[in-house]
Amino acid sequence: MNNTISGNGISKDQLKWFYALVGLFAVLLGWSFMNGMLFMTGLPVVFLMMLLMVFRLDLIAFFAVLITPFSINLAHTSIGIGVSLPSEPLMFALFLIFWLKVFLEGGLDKRILYHPVTLIILVHLLWYTITTATSSMFVVSFKSTLARYCYISVFYFMMLYLFSKKENMMRFIWLYTVPLLIVVGYTIFRHAMGGFSEEVAHTAMVPFYNDHTAYAAVLSFFVPVFIGFTFDPDLSKKTRIICGIVLGILITATILSYTRAAWVGLVAALCCYLAFVLRMKSALIYGGFAMLILLAFLFRTQITMQLESNEEVSSDDYASHVQSIGNISSDDSNIERLNRWSCALRMFADHPILGYGPGTYMFKYGAYQKYSERSGISTNFAEGGGSHSEYLGPLSEQGFPAPIIFILLIAIVSQTSANYIKRTAIRSNRILARGALLGLVTYWVHGVLNYFLDTEKASVPFWGFIAILVALQIYDTSVREKTDTQ
């Protein structure tokens, strides 16, 4: 990609644009002062953003990463508009400018375009587009699909160009982590004021994150990464100490979040790490997953009876809170999750191929609830969350192809990344790739119980980590050299 995105100097054509913008700015500012339009004094900020959009798009992209943890969704304020400020408008502008530049410059880099991960992502976007065209609520689906296009365009495709430099991968991670740590400090302070109770933990992170589950899902992304950094011998001792402190804060915040799904995700990541250490074959891992699914199906009656006998409920006691994961008889959170899943399956049964359309679940599921399955926190609209599943939600909204495509994305990212980790000759790259992949594992497991990829908070690290993994595979010459000699 050209210098505008990579940040490598300014060309003659760009200088022409610079002089034109400076002239236009001077004329507008002078005219505004002459006519007493003092509000136009904000033009310097607008002008600066315009300059950066033309000359240093990379800085704007990283700024979008930086402000994401601080962004506030206006849907949860008195304004009631479903837009996160200031991040989403900025992402939309980046989306438009990036693709304009791509088309003007002859298309995507072929190494990016033909990578297996990119191909399945394009299929993912294509299915979003098709199911939007057939949606029962076109405007809702259009907004949902546009947001997905923006997130993937900026934090996967654009980042792939920026990640040609490894320092930009590190910059991406730190630019999200530092403001996240500030949010963690704010959250723990509010939690402490409430006596560190489980009830306060659910809302202590508001307004930056809607609830504790979304907050903990993002925290979990970065725990494996900073475990890797803390023990990376290629980093300086000072850097490793700082990373260790950050890791301690992230783990503490995850524990205090009282989010059982995040804890399960981290345990799953630990299991995957052991698979790396033991050098388990891919066939053995996939076979193990298949066996677990088969056993769960064969013994589903016995499992259900055991879960129904569990009477532990969510509480301040961590042991009881963990045990309550399997309580489907009296824990309102679990009962409501099952209610939402049942609604998603019934919606799928009515529209199995194309679904109701992206983003429509919250408007449609109310009619599919059964009185016998409702919990004490049930509503007719998704005030308490959507489908509570990254797999069943798309199943109801986009038919059976949607979760299949998403699972294929997981499989392709996992397989290509595992192959890279085995083959790279650069130890620090291997540690970074393993951390990013395990961070994604925490979300893929968390996604069984919750659904956050329709928000920018989770989408930035999700697509960004995938971009890191793909960029390492594309730009790491040690892999090519090693492969060529085999």
Notebook entry, point to check: Does the range 222-294 come out rounded, prolate or oblate, given a ≥ b ≥ c as the square roots of the eigenvalues of its C-alpha gyration tensor, rounded meaning a/c under 1.5 and, failing that, prolate meaning a/b above b/c?
Noted result: oblate
Notebook entry, point to check: Taking amide H positions as placed 1.01 Å from N in the peptide plane, with prolines and chain starts having none, which residues 5 or more places from Ser84, or on another chain, fall under 5 Å of its amide H?
Noted result: Leu74
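Based on alpha-carbon positions alone, could you give the equivalent ellipsoid semi-axes of the range 159-227 from the gyration tensor, as √(5λ), descending, whole Å?
29, 10, 10
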Next item on the list: Please work out how much accessible surface Trp263 shows to a 1.4 Å probe, ignoring ligands, DNA and RNA, in Å² rounded to 10.
Entry: 40 Å²
Notebook entry, point to check: Among rounded, prolate and oblate, which fits the range 77-199 when a ≥ b ≥ c are the square roots of the eigenvalues of its C-alpha gyration tensor, a/c under 1.5 means rounded, and a/b larger than b/c means prolate?
Noted result: oblate
Checklist line | Distance (nanometres) between label positions extended 7 Å along Cα→Cβ at Leu294 and Leu122 | finding: 3.6 nm
Notebook entry, point to check: Net charge near Asp58, counting Lys/Arg +1 and Asp/Glu -1 over other residues with Cβ under 11 Å of its Cβ?
Noted result: +3
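Extension gain Arg427-Lys370, at 0.36 nm per residue separation less the Cα-Cα distance, in nm? Before the final figure, lay out each step's value.
Values: separation 57, 0.36 × 57 = 20.52 nm, distance 5.41 nm.
Length difference between fully extended and current span is 15.1 nm.
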Next item on the list: Filter the cross-link list Lys101/Lys165; Lys237/Lys281; Lys110/Lys457; Lys165/Lys237; Lys422/Lys457; Lys143/Lys166 down to pairs whose alpha-carbon distance in this structure exceeds 26 Å.
Entry: Lys237/Lys281; Lys110/Lys457; Lys422/Lys457; Lys143/Lys166
Next item on the list: Enumerate by residue number the trypsin sites (Lys or Arg not before Pro) in the range 370-471 meeting two conditions: DSSP loop (anything except H, G, I, E, B), and at most 11 other Cβ atoms within 10 Å of the site's Cβ.
Entry: Lys370
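With a ≥ b ≥ c the root eigenvalues of the C-alpha gyration tensor of the range 146-186, is it rounded (a/c under 1.5), prolate (a/b larger than b/c) or oblate?
Working: a/c = 6.03, a/b = 1.34, b/c = 4.51.
Here the range 146-186 falls in the oblate category.
Using packing as a proxy for protection, rank 268-277, 206-215 so that the peptide with the highest average count of other Cβ atoms within 10 Å comes first. Display every interim value, and only then the final one.
Details: 268-277: 16.0, 206-215: 21.2.
Ranked by mean Cβ neighbours within 10 Å, highest first: 206-215, 268-277.
The values are calculated or read from the model by the stated rules, or taken from the named source; none is laboratory data. Model, not experiment: these values are computed from the prediction. Note: ideal-geometry Cβ built from the backbone for every residue, glycine included; neighbour counts use all protein chains shown. All accessible areas refer to the heavy atoms of the entire protein, side chains included, with ligands and DNA or RNA removed. Shrake-Rupley method; radii C 1.70, N 1.55, O 1.52, S 1.80 Å.
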